[in-house]
Amino acid sequence: MQSAKTYEAKYNAPDVVIDTGADYIHTKAHQAAYDFSVYLHEKMKKLPHYEKFTLQKEIRESIDEILDEVEQYEITKVASHLYTADRAKRRLMRKLRLAYDLKYSAINEDVLFYCAGQTAIIGALIGGLIKEAKERKQSGAAK
């Protein structure tokens, strides 16, 4: 299994990036969450139809919230966005475990363990950003 330090993005940015006016660079945490989002959206198609507006929606919203909050951190450098992303990550894992416990074939044991590994990587990357934010705050206060 990959660790946060050895994480390699599945969907890299192109070599030539068109200027979109964004004043921030995506972090590895954002890229890892995006890669995981692509994976989860494919899995969600296989959940029962009657879960479309409940469990599927909650899982998609959780991963999207992680992406949104990490992106907001990248823009604002406000660490509270990272804590919100971490809470969304825990909620996502709870929802995936629920799908597994309800015995939906889309979330079998292998998928659940893969998801646990990916959320651990995302959590470690978010933790690294939190540490950087704390260090930046302390060095700024020391001046």
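The values are calculated or read from the model by the stated rules, or taken from the named source; none is laboratory data. In this text the structure is predicted, and so the values were computed from the model without any measurement. Counting neighbours? That spans all protein chains shown, and the Cβs are built from the backbone with ideal geometry, glycine included.
Observations on the model:
- Meets criteria (assigned to a helix (DSSP H, G or I) and surrounded by fewer than 14 Cβ atoms within 10 Å (Cβ to Cβ)) for Ala141: yes
- Check on Glu69, among the charged types (D, E, K, R), surrounded by fewer than 16 Cβ atoms within 10 Å (Cβ to Cβ), closer than 26 Å to Glu8 by Cβ and without any contact (Cβ under 8 Å) to a residue 24 or more places away in the chain: no
- Ala79 vs. criteria free of Cβ contacts under 8 Å to residues at least 60 places away in the same chain and within 14 Å of the chain's Cα centre (by Cα): no
- A residue that is in a helix (DSSP H, G or I) and more than 20 Å from Lys10 (Cα to Cα) cannot be found anywhere in region 30-40.
- Applying the condition of being charged (D, E, K, R) and part of a helix (DSSP H, G or I) to region 90-109 and asking which residue is surrounded by the most Cβ atoms within 10 Å (Cβ to Cβ) yields Lys95.
- Considering region 10-29, the residues that are assigned to a loop (DSSP other than H, G, I, E, B) and within 30 Å of Tyr104 (Cα to Cα) include one that is modelled with the highest pLDDT, namely Lys10.
- Meets criteria (surrounded by fewer than 20 Cβ atoms within 10 Å (Cβ to Cβ), in contact with a Ser or Thr (Cβ under 6 Å, 6 or more places away or on another chain) and either of a type outside the set (Phe, Trp, Tyr) or farther than 27 Å from Lys134 by Cβ (or both)) for Arg87: no
- Exclusive hit being closer than 18 Å to Gln118 by Cα, touching a Lys or Arg at 6+ places or on another chain (Cβ under 8 Å) and either at pLDDT 95 or above or not acidic (Asp, Glu) (or both), set Tyr83, Tyr34, Tyr7: Tyr7
- Selected residue (criterion: farthest from Ala33 (Cα to Cα)) from residues of region 85-132 that are in contact with a Leu (Cβ under 9 Å, 6 or more places away or on another chain) and basic (Lys, Arg): Arg97
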